[in-house]
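A.B. asks: Following this message is one structure expressed as structure tokens.
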Amino acid sequence: MEIKTVGVIGAGTMGNGIAQVAAHVGGLNVIMNDIKQEFVDRGLATIDKNLARLLAKEKITEAQKSAVLGRIKTSVDVADMKNADFVIEAATETLDLKLDLFKKLDAACKPGVIIATNTSSIPITRLAAATKRADMVVGMHFFNPAPVMKLVEVINGLATSKETSKATAALAEKLGKSPVEANDFPGFIANRIMVPMMNEAMYTLYEGVGTVESIDACLKLGFNHPMGPLELADLIGLDVLLHVMNVLYDGFGDSKYRPCPLLKKYVAAGYLGRKSGRGFYDYSAK
């Protein structure tokens, strides 16, 4: 099936970023859906702001900005996905919510339409089992910020067909991304490697081996990382990292994935990183 219209479920940070990329880089029509009109309006406003930034840098013209916004339609009804040729779900990272969504999407979407999920931790196989098209359910994991980051993990569930995986990778390339194929295990590839690394950096701090600054300096200067692990943790959100560590720990039952007690303490205190103004670094003055 030729993909002319992409449905995006969720208009939050990831959803509006994916919608922007699909309409701008891919030149596709987009149906951006969320549960309330105020949420999709906010998502559209974020896209407008991002495009205005590109316009100010003379990377796009006013006509191009208008054309991109003109390709994005908003929706508050999942049934509107009947007009989509490919659907990417980027709703809240809650299993029950996603299972319910996939049942509704399966009923709403045309036969042959692939339903992808942007989940960073929920098993693709489990979501596919909620549908009657398990072979056409796939992971399409974009990284934040979606308009900038090149990586897209294409994750095969147990029943995902080769045709589905190939079509998803081809769409990722059309959106200017670099798809990497992975199989359905906790954390997939990127998070399984990176999140435990950040967790280990927290243990290094917790045990008094080094300071926040010295730990970050070692990774930046010694391994040429653009950001230190604790700085990156603050950017991602400590609550998000704790969630992923719990998924890894529960999924593998291996003590090497045990969340650091310091990470749990920071999350309990509301020190979530940049978004809360305080994490391993203090952002309140910025």
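A.B. asks: Which number in (1) touching a Ser or Thr at 6+ places or on another chain (Cβ under 7 Å); (2) crowded, with 21+ Cβ neighbours inside 10 Å marks the one condition that C260 misses?
C.D. replies: (1)
Residue-wise test of (1) loosely packed, with under 13 Cβ neighbours inside 10 Å; (2) outside any loop (DSSP other than H, G, I, E, B); (3) not small (G, A, S).
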position	(1), (2), (3)
L44	no, yes, yes
D48	no, yes, yes
L51	no, yes, yes
L55	no, yes, yes
I60	no, no, yes
S66	yes, yes, no
L69	no, yes, yes
T74	no, yes, yes
M81	no, yes, yes
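A.B. asks: Name the single residue that is surrounded by the fewest Cβ atoms within 10 Å (Cβ to Cβ) among those in the range 1-35 being more than 16 Å from the chain's Cα centre (by Cα) and modelled with pLDDT under 95.
C.D. replies: Going through the qualifying residues, I end up with E2.
A.B. asks: A further question on this structure: Just to verify a result, which residue in the range 192-209, among those that are surrounded by 13 or more Cβ atoms within 10 Å (Cβ to Cβ) and either in contact with an Asp or Glu (Cβ under 9 Å, 6 or more places away or on another chain) or acidic (D, E) (or both), is nearest to R126 (Cα to Cα)?
C.D. replies: Among those that are surrounded by 13 or more Cβ atoms within 10 Å (Cβ to Cβ) and either in contact with an Asp or Glu (Cβ under 9 Å, 6 or more places away or on another chain) or acidic (D, E) (or both), it is E200.
A.B. asks: What pairs come up if the first residue lies in the range 94-108 and is part of a helix (DSSP H, G or I), the second is of a type in the set (G, A, S), and their beta carbons are under 7 Å apart, counting only those six or more places apart or on different chains?
C.D. replies: L97/A91; K98/A91; L99/A130; L101/A91; F102/A130; K103/A130; A108/A79
One line per residue, one yes/no per condition, for (1) part of a loop (DSSP other than H, G, I, E, B); (2) aliphatic (A, V, I, L, M):
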| residue | (1), (2) |
| --- | --- |
| L127 | no, yes |
| H141 | no, no |
| N144 | yes, no |
| M149 | yes, yes |
| V152 | no, yes |
| T160 | yes, no |
| S165 | no, no |
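The values are calculated or read from the model by the stated rules, or taken from the named source; none is laboratory data. These numbers come from a predicted model, not from an experiment. In this analysis, Cβ positions are derived from the backbone assuming ideal geometry, glycine residues included, and neighbour counts consider all displayed protein chains.
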